[in-house]
Amino acid sequence: MEKKFYYMHLDESYFDPSILEKMGKCFESIHIGLLKGDGLIRVVDMDGWSREELKHFNQGIKQTKGEFPYIIKNALDNKQANLRPYSWYIGEDYLKSALAMSSGEVKLSNHNYLYHLVHHEALPLIESTLYKAIPEIKSIENSGSFIYPPDEGMMSWHTNEAASSAPVRVYFVYAPEDRKSYFRYIGVDGRVYTSWDKKGWNIRTFHCGSLQVDGYRLWHCVMSNTHRFSFGFRLTGISIDQLSFMAKEFDSGYMNIENWRAW
């Protein structure tokens with residue numbers, strides 16, 4: 001496994017086990033419910049919605065749903081013309097086309113196939129265990145509460161590159177099935193690393209970087225063939241090397257070095 005300061009797996013034992021266990025059981029129930037279609041949590045499917053329908057939904061959301069959790073499928077901001085299989089957007093050909101784009105073009109061409117998890121208690125609970133485990137953090141900003149669906153859920157190759165040095169990112173991922181989803185990234189050596197999710201919690205931290213400030217940017221993407229629960233956070237007041245005491249050696253059975261390179 002590649003050991004670099006910009007990407008690490010964190011040992012889940014540093015975080016409140018009661019919270020992780022509670023949330024894990026909750027996500028298992030949602031996973032089973034979604035597969036069965038038994039309505040354990042309300043699902044809002046926006047497929048085919050107009051901008052006016054979306055505006056009306058947003059205006060009435062507090063009156064109709066209050067703070068109860070729900071899932072949004074086919075959100076308008078994630079829906080783009082999809083002319084290829086979803087798997088193409090996390091593969092070699094799309095990466096090579098993205099590498100030739102400007103940062104702005106990469107953002108515009110980003111393809112996602114995922115659900116949004118809204119008003120779920122997982123978000124504040126995971127935030128609280130982050131503050132407890134890492135008291136040096138000054139602030140936490142949520143960068144996404146997603147469920148990747150089992151039929152090729154994905155987020156295409158992207159960098160999250162910023163003009164200035166970006167905050168450290170931490171992602172808490174719960175996978176109800178073993179080796180059915182992964183986080184894939186490019187090392188500074190140009191090699192392609194695929195970090196498979198084990199069943200249960202998978203906690204990763206990385207620094208996206210900026211070519212102007214840091215001399216690198218972290219290309220990465222996500223794929224899932226299960227209901228992958230993903231909660232992302234931007235941390236300010238701390239650098240990624242300050243989290244190295246939490247790092248753990250990731251099981252080599254869950255880390256592939258692909259036989260193709262980005263450069």
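The values are calculated or read from the model by the stated rules, or taken from the named source; none is laboratory data. Here the structure is a predicted model, which is why all the values come from computation and not from measurement. Counting neighbours? That spans all protein chains shown, and the Cβs are built from the backbone with ideal geometry, glycine included. The area values use the complete protein model at the heavy-atom level, side chains included, leaving out ligands, DNA and RNA. Shrake-Rupley method; radii C 1.70, N 1.55, O 1.52, S 1.80 Å.
In summary, Ile257 fulfils each of the numbered conditions (1) farther than 29 Å from Lys22 by Cα; (2) assigned to a loop (DSSP other than H, G, I, E, B); (3) aliphatic (A, V, I, L, M) with the single exception of condition (2).
Of all positions in the stretch 163-174, at least one carries a residue that is at pLDDT 95 or above, of a type in the set (Val, Ile, Thr) and surrounded by 16 or more Cβ atoms within 10 Å (Cβ to Cβ). Determine whether the stretch 146-154 contains at least one residue that is open to solvent by less than 10 Å² (accessible area, probe 1.4 Å), over 14 Å from the mean Cα position of the chain (by Cα) and either of a type in the set (Ser, Thr, Tyr) or farther than 30 Å from Arg84 by Cβ (or both). Checking the stretch 146-154: not a single residue is open to solvent by less than 10 Å² (accessible area, probe 1.4 Å), over 14 Å from the mean Cα position of the chain (by Cα) and either of a type in the set (Ser, Thr, Tyr) or farther than 30 Å from Arg84 by Cβ (or both). Candidates Asp151, Asp241: the one that is touching a helix residue (DSSP H, G or I) at 6+ places or on another chain (Cβ under 9 Å) and outside any strand (DSSP E or B) is Asp151. Note on the stretch 218-252: residues that are over 26 Å from Lys138 (Cβ atoms) and open to solvent by 40 Å² or more (accessible area, probe 1.4 Å) total 4. Among the residues of the stretch 112-128, the one identified as of a type in the set (Ser, Thr, Tyr) and surrounded by fewer than 19 Cβ atoms within 10 Å (Cβ to Cβ) is Ser128. Considering the stretch 202-217, the residues that are over 14 Å from the mean Cα position of the chain (by Cα) and among the hydrophobic types (A, V, I, L, M, F, W, C) include one that is surrounded by the fewest Cβ atoms within 10 Å (Cβ to Cβ), namely Leu211. Taking the criterion of being of a type outside the set (Lys, Arg), in contact with a Ser or Thr (Cβ under 8 Å, 6 or more places away or on another chain) and part of a loop (DSSP other than H, G, I, E, B), the residues of the stretch 154-204 that qualify are Thr159, Glu161, Ala162, Ala163, Ser164, Ser165, Ala166, Pro167, Pro176, Glu177, Asp197.
One residue alone among Asn160, Asn225, Asn142 is in contact (Cβ under 8 Å) with a residue 12 or more places away in the chain and touching a Pro at 6+ places or on another chain (Cβ under 8 Å), and that residue is Asn225. Screening the stretch 91-111 for residues that are at pLDDT 85 or above and in contact with an Asp or Glu (Cβ under 9 Å, 6 or more places away or on another chain) and picking the one that is surrounded by the fewest Cβ atoms within 10 Å (Cβ to Cβ) gives Glu92.
Looking at the structure I just gave you, is Asp197 under 17 Å from Pro150 (Cβ atoms) and without any contact (Cβ under 8 Å) to a residue 40 or more places away in the chain? No; evaluated as a whole, the condition is false for this residue.
Selection of the stretch 240-263 for residues being of a type in the set (Ser, Thr, Tyr) and more than 20 Å from the chain's Cα centre (by Cα) yields Ser244, Ser252.
Does the stretch 142-169 hold any residues that are out of contact with any Phe, Trp or Tyr (no Cβ under 7 Å at 6 or more places or on another chain) and closer than 27 Å to Lys25 by Cβ, and which are they? Passing the criteria: Gly144, Tyr148, Pro150, Asp151, Met155. Filtered by the rule that a residue be in contact (Cβ under 8 Å) with a residue 12 or more places away in the chain, of a type in the set (D, E, K, R) and either in a helix (DSSP H, G or I) or within 18 Å of Asp151 (Cβ to Cβ) (or both), the stretch 23-57 gives Glu28, Asp45, Asp47, Arg51.
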